[in-house]
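Here, each number is a calculation from the coordinates, and none is a lab measurement. Owing to the predicted nature of the structure, the values given are computational and were not obtained by experimental measurement. We place every Cβ from the backbone using ideal geometry, glycine too, and count neighbours over all the protein chains shown.
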Amino acid sequence: MNYLSGVELYFSEKIKENGLSICYDDYKHIVKVMRHSVGDDIYVTNGKGKIFLSIIKEIKKDSLTASAKRVLQYDNKLANVFFCIPKLKSNERFEFALEKCTELGITNFIIFDSERAMHKSDKRERWQKIVLAAMKQSLRSYLPNINVINSVNEILKLEGRKILLEQNSVNQISKLKINKNEKYYFIFGPEGGFTEEEINLFDEKYKLAENRLRTETAVVKCASIIVE
């Protein structure tokens, strides 16, 4: 495993064998903020497990090109872990949960509506920007996937184990052993709580703590336990 520290990490979708190009916000940060010039080294990820130590070859008006000197490959140990998070009334708290989970290594999010959800907005573009920034800040190489669904029932149709985070359960989430060959869907309740009907949809239930936690706190706490 290759570990990085003290570097700036950038993102590019335009990476080929013979080089890569960077534009938009990352280009501005590299050229205008960090003051890099031709011949400088930069670290760039494709968001799919690779980080490229690259040398800047050309700087244009609104983009730059670089070539890879070295490629670092990382495994996604949580590829089969999905965090199912309800939309929250507070955008700030919801975005906090996304950001911190990305920093901890969660790479799959499913955002859903429930009967007692207090917010119905779909800000997928903004959420994607948040996880992208969190990925780069934490020097990770996997850009999280974000899917949005309409109800808890849709989660049941997905293949894998569905684990409801329920405070009244006798099972402790810290005792759950993750099998990398199996998919896990961790379902967190909305601010208004799940209805009894929604709770009864799930066979596996685990609790995070003896006391009640806010949704965003429960999400981050669960992530910190899962990644250990």
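FRET efficiency for the pair ARG93 and ASN211, taken as 1/(1 + (r/R0)^6) with r the Cβ-Cβ distance and R0 = 25 Å, rounds to 0.90. Looking at the calculated P(r) for region 23-103, what percent of the C-alpha pair distances fall above 16 Å? It works out to 65 percent of all Cα pairs.
Using 1/(1 + (r/R0)^6) with R0 = 41 angstrom and r between the beta carbons of VAL38 and LEU158, what's the FRET efficiency to the nearest 0.05? Given R0 = 41 Å and the Cβ-Cβ separation, E is 0.30. Full extension of the segment from GLU115 to ASN179, taken as 0.36 nm per residue of separation minus the current Cα-Cα distance, would add 19.9 nm. Against the chain, whose longest principal axis comes from its Cα atoms, helix 91-104 is set at around 70 degrees. Roughly what angle does helix 124-137 make with the longest principal axis of the chain, taking Cα atoms, 0 to 90 degrees, to the nearest 10? For helix 124-137, the angle is close to 60 degrees. Specify the angular offset, from 0 to 90 degrees and rounded to the nearest 10, of the alpha carbon long axis of helix 215-226 from the longest principal axis of the alpha carbons in the chain. For helix 215-226, the angle is close to 70 degrees. Computed log10 I(q)/I(0) for the chain at 0.08, 0.09, 0.11, 0.14 Å⁻¹: -0.34, -0.43, -0.61, -0.88, from the Debye equation with unit scatterers placed on every C-alpha and solvent omitted.
Considering region 60-193 at the alpha-carbon level, its Rg and Dmax are found to be 16.9, 60 Å. For the chain, adding -39500 (n - 2.57) for each run of n ≥ 4 DSSP H residues and dividing by the number of residues yields -6500 deg cm²/dmol at 222 nm.
Each peptide in 104-110, 62-68, 32-38, 209-215 receives the mean, over its residues, of other Cβ atoms within 10 Å, and ordering these scores from highest gives 104-110, 62-68, 209-215, 32-38. For LYS69, the lysines whose Cα falls under 23 Å of its own Cα, not counting residues fewer than eight places away in the same chain, are LYS14, LYS16, LYS28, LYS48, LYS50, LYS57, LYS60, LYS136. Of all DSSP-defined beta bridges confined to the chain, some 50% are antiparallel rather than parallel. For region 62-93 versus region 19-61, the inter-centroid distance based on Cα atoms is 18 Å.
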